[in-house]
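Quick notes on the structure that follows.
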Amino acid sequence: MGVRKSKEENFQINGSLNEVIEKCRQALQDGGFKKIKFNTTINQFEADYKQVVGTVWGEIKITLIGSNDSGISVGDEAFKVQNDGTIMRVGGTKTNNGSVNVNVVAWANVDNIYALFSSPIDKILSRFKDNL
């Protein structure tokens, strides 16, 4: 087992949660990721990245959280944050035309000579983000 490190990034993508899910799925496919899995309960992708020729081997986990001014959505459930900080379920399917918060964590093996010159973690993150 190689020495692994991770890196985390957070950013937002404009669009509905469903649109961003499809954008992320397509970015992973176009980026050459394999074993792409999506957990609909927590809106989370997991995928492997292995360069056919090279030394970049790793994984990526992408968690999506839909949000706008009126509340948040997780899966098909809609919630609203009250003034006192409590969260209340508002029922039904939430339509989100705002933006989606994206949390990306990438892991990669860094125990080879090539990792001294170029970060394999950054390569994995770039393969995803450049295809969004």
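No value in this document is a laboratory result; all are computed from the given coordinates. All values derive from a computational prediction rather than experimental measurement. Here the Cβ positions follow ideal geometry from the backbone for every residue, glycine too, while neighbour counts run over all protein chains shown.
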Summed residue charge, Cβ within 10 Å of residue 111's Cβ, Lys/Arg positive, Asp/Glu negative: +2
Estimated FRET transfer efficiency when R0 is 22 angstrom, pair residue 13-residue 42 (beta carbons, to 0.05): 0.80
Fully extended contour minus Cα-Cα distance, from residue 6 to residue 25, at 0.36 nm per residue: 4.7 nm
Links that overshoot a 18 Å alpha carbon limit, given the list 7/37; 23/50; 37/61; 5/35; 7/35: 7/37; 23/50; 5/35; 7/35
Length-normalised contact order of the stretch 1-61 in % [C-alpha pairs under 8 Å, at least 6 apart]: 19
